[in-house]
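Participant: Input: one structure, supplied below.
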Amino acid sequence: MGALTFEVVNRFQEATDANKLLYTPLPDRLTCQRTRVYTVECGGDLEAAHAYMLRVVADAIAQRVDESGHPALQGALFRIDYAMKPGSLDLEKEAILGNYRGRKNLPFTMDALHITQRVYIFGTGDKELLAARFTRDICNPAIHHWLVA
């Protein structure tokens, strides 16, 4: 069994005004950029699993994939990683798993799939105060779990 991690970054999307993530704007000039992190635990042919996941989660023209396991973007004041809690409906995860289940005779097994939304916040300010504010407005404690780094 092995684990593969892919952070998918839009090649054509620059950091934008972070106030769009908040219910009420801040006077600070902060910017944000979003990515998605896919972690799949699989058995069997890892190269085939790798190729399959790249085809399913990324557009080779519009997106780049970072497989280092480290954050793909540098220089952020902080980042928020959030994902759906177990038992919550995750439509993207269900679509990927449905595609996988619909394929026959794949040389690998997909044993677990985790999708994390990653939001990078760039700028200056009180990191802890700002992180609490963004987390409160972005994450729903009823359906999300999150980590601020």
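The values are calculated or read from the model by the stated rules, or taken from the named source; none is laboratory data. Because the structure is predicted, anything quoted here is derived from the model rather than measured. Backbone-built Cβ (ideal geometry, glycine too); neighbour counts: all protein chains shown. With ligands, DNA and RNA removed, areas are computed over all heavy atoms of the protein, side chains included. Shrake-Rupley method; radii C 1.70, N 1.55, O 1.52, S 1.80 Å.
Participant: How much area per residue is accessible in the chain when the probe is 1.4 Å and only protein heavy atoms are counted (Å²)?
Facilitator: Numbers: 8620 Å² over 149 residues.
Ligands and nucleic acids excluded, the figure is 58 Å² per residue.
Participant: Charges only on Cβ, +1 for Lys and Arg, -1 for Asp and Glu: so what's the dipole of region 4-111 about the Cα centre, in debye to the nearest 20? Mind showing how you got there, number by number?
Facilitator: Numbers: 13 positive and 15 negative charges, 54 e Å.
For this selection, approximately 260 debye.
Participant: Something else about it: Please compute one quarter of the surface area of the Cα convex hull for region 51-139 and express it in square nanometres. Don't skip to the answer; put the middle values down first.
Facilitator: On the way: hull surface 31.4 nm².
About 7.9 nm², averaged over all directions.
Participant: Counting residues in the chain as N, plug N into 2.2 N^0.38 Å and put the Cα Rg over that result. The partial results should precede the final answer.
Facilitator: Details: Rg = 16.8 Å, N = 149, 2.2 N^0.38 = 14.7 Å.
So the chain has a normalised radius of gyration of 1.14.
Participant: Still on this structure, I have one more. Round to a whole number: what % of the accessible area of region 48-149 belongs to carbon and sulfur, probe 1.4 Å? Mind showing how you got there, number by number?
Facilitator: On the way: 3210 of 5800 Å².
Whole-percent figure for carbon plus sulfur exposure: 55.
Participant: I would also like to ask the following. Once the other residues with Cβ under 12 Å from the Cβ of Ile96 are scored (Lys, Arg +1; Asp, Glu -1), what is the net sum?
Facilitator: Details: positive: Arg36, Arg55, Lys93, Arg101, Arg103; negative: Asp90, Glu92, Glu94.
Once all neighbours under 12 Å are counted, the net charge is +2.
Participant: Would you work out the relative contact order for the chain, in percent, from Cα pairs under 8 angstrom that are 6 or more residues apart? Mind dumping the intermediate values first?
Facilitator: Values: 242 pairs, mean separation 53.3, N = 149.
Averaging sequence separation for qualifying contacts and normalising by length gives 36 percent for the chain.
Participant: Where does each of 72-78, 114-120 land if you order them by average Cβ count within 10 Å, highest first?
Facilitator: Values: 72-78: 15.3, 114-120: 19.3.
Averaged packing, sorted descending, gives the order 114-120, 72-78.
Participant: Taking only DSSP H segments of four or more residues, each worth -39500 (n - 2.57), what value at 222 nm results for the chain once the sum is divided by all its residues, to the nearest 500 deg cm²/dmol?
Facilitator: Values: 3 runs with 36 residues, N = 149.
Theoretical 222 nm ellipticity from helices: -7500 deg cm²/dmol.
Participant: Show Ser88, Ser68 ordered by accessible area, largest first, where the area counts protein heavy atoms only and the probe is 1.4 Å. Don't skip to the end; give the middle numbers.
Facilitator: On the way: Ser88 35, Ser68 70 Å².
Ranking Ser88, Ser68 by accessible area, largest first, yields Ser68, Ser88.
Participant: Alpha carbon centre of region 1-37 versus region 61-112: separation in Å?
Facilitator: That distance is 15 Å.
Participant: Provide, as a two-decimal number, the C-alpha radius of gyration of region 9-61 over 2.2 N^0.38 Å, N being how many residues it has.
Facilitator: Numbers: Rg = 16.9 Å, N = 53, 2.2 N^0.38 = 9.9 Å.
Ratio of Rg to 2.2 N^0.38 Å for region 9-61: 1.70.
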